[in-house]
1. Quick one: count up the residues across region 228-243 that are part of a helix (DSSP H, G or I) and over 17 Å from residue 179 (Cβ atoms).
2. Might you check whether a residue that is closer than 24 Å to residue 289 by Cα and either under 21 Å from the mean Cα position of the chain (by Cα) or without any contact (Cβ under 8 Å) to a residue 12 or more places away in the chain (or both) occurs anywhere in region 15-31?
3. Quick check on region 370-381. Is at least one of its residues farther than 20 Å from residue 84 by Cβ and either surrounded by fewer than 18 Cβ atoms within 10 Å (Cβ to Cβ) or free of Cβ contacts under 8 Å to residues at least 40 places away in the same chain (or both)?
4. Being under 18 Å from the mean Cα position of the chain (by Cα), within 24 Å of residue 320 (Cα to Cα) and modelled with pLDDT of 95 or more is the requirement here; does residue 133 meet it?
5. How many residues, within region 291-301, are surrounded by 14 or more Cβ atoms within 10 Å (Cβ to Cβ) and free of Cβ contacts under 8 Å to residues at least 24 places away in the same chain?
6. Got a sec? Which strands (runs of 3 or more DSSP E) wholly within region 59-130 have at least 2 residues that are at pLDDT below 95?
7. If I filter region 321-355 down to residues being exposed (fewer than 15 other Cβ atoms within 10 Å of the Cβ), touching a helix residue (DSSP H, G or I) at 6+ places or on another chain (Cβ under 9 Å) and free of Cβ contacts under 8 Å to residues at least 60 places away in the same chain, which single residue comes out as farthest from residue 296 (Cα to Cα)?
């Protein structure tokens, strides 16, 4: 039977699913245990759960805005190539976006352009850490302190990655983790904010106290999603949803509105179970990432992404750049069953929905190049060595 790999995902074990079903039936709430695990891992005092990662980012940026309501600052520095929900969250928090270009060699900020930014109206900088590769967070932390702005460490795609021995999500003033489907630890949906910043923690605590819970219908939908995810992420079953045109798998759309609501408590035991084996999950992903890295060589057709010094990636996916547009298109069309995929199709400066919310420099050639060339390879636990060898052979054929 032919296997069809998902581009990303974190397989749920049967014991985790069974435990989750029991806890759901009995009404057990593991939310506090989940928060405690995150706080202990990252060494922070406060943590807050939301229904989605983008909802968590929106709530955090709303708290940032409230903290600086008298300063006249209303801009957020955002990487020009990152998840669309970051830009959407900035807009929904009532702030403006100041883009900074990305270095295609590292997927981190273009440091030269970053240091040329006018910070007079900037309130915060957001990191990206795409695909589990750490940005230069020590540099960002130092810059934020020098300019008197907050640093938000977006670790949504890089839970358990490190730089200089520190976990991503622990840098700056607050960190964002995501529990959405496709992340290193998943409960299908969910977002988590961690912080040692007293003012932000107080504001977030007030926000959480006012949040509405998801409706029974919405919770039922999430319950069904868990079951579908468990059964159909398997490579022998994934080809069914992957070949349904209306499933929406692999599509990236800009969502104008962001819902900020309570994290569904019945999902917490699933996230807690996966969080308890985060090291095992990360080791599997990094082993696969380093396997690709050792076998592939940068050449005229492809370029590997450089890891920054002193980093320990988590490899949500393994990214590389394919320079020839026709070869890239053929690769993405013909070899989908290997889990080879694209990513965000446009840099943020080319997304029409956010044009009215941009300030400052809009030319971002590095980010535009990444958007047109990036390809990602799967690293999750369903990936076999034989799969990786097929992928490597396919890339060599370019």
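The values are calculated or read from the model by the stated rules, or taken from the named source; none is laboratory data. In this text the structure is predicted, and so the values were computed from the model without any measurement. Cβ placement follows ideal geometry from the backbone for every residue including glycine, while neighbour counts extend to all protein chains displayed.
1. Restricting attention to region 228-243, the residues satisfying the condition of being part of a helix (DSSP H, G or I) are 228-232, 235-242.
Subsequent filtering for residues that are over 17 Å from residue 179 (Cβ atoms) retains 231-232, 235-242.
Within region 228-243, residues that are part of a helix (DSSP H, G or I) and over 17 Å from residue 179 (Cβ atoms) number 10.
2. No, there is no match, as no residue in region 15-31 is closer than 24 Å to residue 289 by Cα and either under 21 Å from the mean Cα position of the chain (by Cα) or without any contact (Cβ under 8 Å) to a residue 12 or more places away in the chain (or both).
3. Yes, there is a match, as at least one residue in region 370-381 is farther than 20 Å from residue 84 by Cβ and either surrounded by fewer than 18 Cβ atoms within 10 Å (Cβ to Cβ) or free of Cβ contacts under 8 Å to residues at least 40 places away in the same chain (or both).
4. Spelling it out, residue 133 is indeed under 18 Å from the mean Cα position of the chain (by Cα), within 24 Å of residue 320 (Cα to Cα) and modelled with pLDDT of 95 or more.
5. 0
6. Per the criteria, no element qualifies.
7. Selected residue: 355.
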